[in-house]
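I have a structure I would like to understand better, so I am pasting it below and will then ask my questions one at a time.
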Amino acid sequence: MKFLIRFFSTVHALIAVLFTAISVLFIVVAARVGWNAVGQDALESANQAIEAIGLLAIAVVSLQIAQTITEEEVIRDAHISAPTRVRRYLSRFLVVVVVALAIEGLVGTFKSLHEAPETLPNAAAVLVAAAVLLAAWGVFIRCNKAAEELEPEAMEEAKKEDVKLEGS
């Protein structure tokens with residue numbers, strides 16, 4: 001069983017490294033797109049800057065997912081079972097996804113307004129999806145709080161893990 005646990009930790013570490021590499025790739029591409037915006041006419045420059053922002057948002061999401069996987073699955077070696085851990089893990093992931101969706105929705109809105117107004121409903125759908133996800137996350141946290149109160153020792157254990165993580 002310990003072999004399987006080490007194997008899964010290794011696979012999670014590999015996935016985190018791949019997410020980090022992809023994040024760096026997106027940062028490089030965003031920098032190139034942003035640099036190409038310099039010297040263009042105002043409208044083209046704005047469009048390329050907006051595209052660079054979208055790429056950077058994806059890079060942040062990739063990097064945050066890598067950090068979450070590393071901290072939760074590799075460093076802490078936490079096997080999610082307690083409601084506290086589930087809430088914390090999902091919250092870390094969902095905050096990144098909601099922010100990225102909101103940024104992508106805004107980027108899509110700007111692009112639609114300048115390039116293809118007929119695609120504006122698509123951008124609005126992304127923003128609505130971000131709002132629905134945010135509301136569902138709030139409902140999840142509210143429902144999960146009652147489960148956490150049944151296991152106060154899980155919260156104490158999670159706090160101890162945080163101290164270990166910050167000390168390393």
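The values are calculated or read from the model by the stated rules, or taken from the named source; none is laboratory data. As the structure is a prediction and not an experimental result, all values here were calculated from the model. Neighbour counts are summed over all protein chains in view; Cβ atoms, including those assigned to glycine, are modelled from backbone coordinates with ideal geometry. Only protein heavy atoms, including side chains, enter the accessible area calculation; ligands, DNA and RNA are left aside. Shrake-Rupley method; radii C 1.70, N 1.55, O 1.52, S 1.80 Å.
Can you give the accessible area of residue 75 in Å² (nearest 10), computed on protein heavy atoms with a 1.4 Å probe?
90
What FRET efficiency comes out for residue 43 versus residue 135 if R0 is 35 angstrom and r is the Cβ-Cβ distance? Round to the nearest 0.05.
On the way: r = 36 Å, r/R0 = 1.02.
For residue 43 and residue 135, the calculated efficiency is 0.45.
If you take every residue apart from residue 108 with its C-beta less than 15 Å away from the C-beta of residue 108, what net charge results, scoring Lys and Arg +1 and Asp and Glu -1? Intermediate results must be reported in sequence, preceding the final value.
Details: positive: 111; negative: 51, 104, 115, 118.
Value of the local net charge: -3.
Shape verdict for the stretch 1-144, please, from the Cα gyration tensor: rounded (a/c under 1.5), prolate (a/b greater than b/c) or oblate. List each step's numbers first, then the result.
Details: a/c = 3.98, a/b = 1.62, b/c = 2.45.
Oblate shape, in that a/c is at least 1.5 and b/c is the bigger or equal ratio.
Starting from the Cα of residue 119, step 7 Å along the direction of its Cβ; do the same at residue 145; then give the gap between the two resulting points in nm.
Each label point is offset 7 Å from its Cα along the Cβ direction, giving 4.1 nm.
Something else: From the phi angles alone, apply the Karplus equation (6.51, -1.76, 1.60; θ = phi - 60°) to the stretch 84-95 and give each ³J(HN,Hα) in whole Hz, x where the residue is Gly or Pro.
So the J values, rounded to whole Hz, are 4, 5, 4, 4, 5, 5, 5, 5, 4, 6, 5, 4.
Another question, then. Accessible area per residue, 1.4 Å probe, Å², for the stretch 20-124: what's the number? Don't skip to the answer; put the middle values down first.
Values: 5610 Å² over 105 residues.
Each residue of the stretch 20-124 exposes 53 Å² on average to a 1.4 Å probe.
Return the sequence-ordered ³J(HN,Hα) values of the stretch 108-115 in whole Hz as given by the Karplus equation 6.51 cos²θ - 1.76 cosθ + 1.60 applied to θ = phi - 60°, using x for Gly and Pro.
Karplus-based 3J(HN,Hα) across the stretch 108-115 equals x, 5, 4, 5, 4, 4, 8, 10 Hz.
What is the local net charge at residue 136, summed over the other residues whose Cβ is closer than 14 Å to its Cβ (Lys, Arg +1; Asp, Glu -1)? Display every interim value, and only then the final one.
Working: positive: 87, 142; negative: none.
Residues close to residue 136 contribute a combined charge of +2.
Right, another one. What dipole magnitude, in Debye to the nearest 20, does the stretch 85-129 give about its Cα centre under +1 on Lys/Arg Cβ and -1 on Asp/Glu Cβ?
Approximately 560 debye in magnitude.
Once the other residues with Cβ under 11 Å from the Cβ of residue 54 are scored (Lys, Arg +1; Asp, Glu -1), what is the net sum? Mind showing how you got there, number by number?
Details: positive: 111; negative: 51, 104.
Within the 11 Å Cβ shell, the charges total -1.
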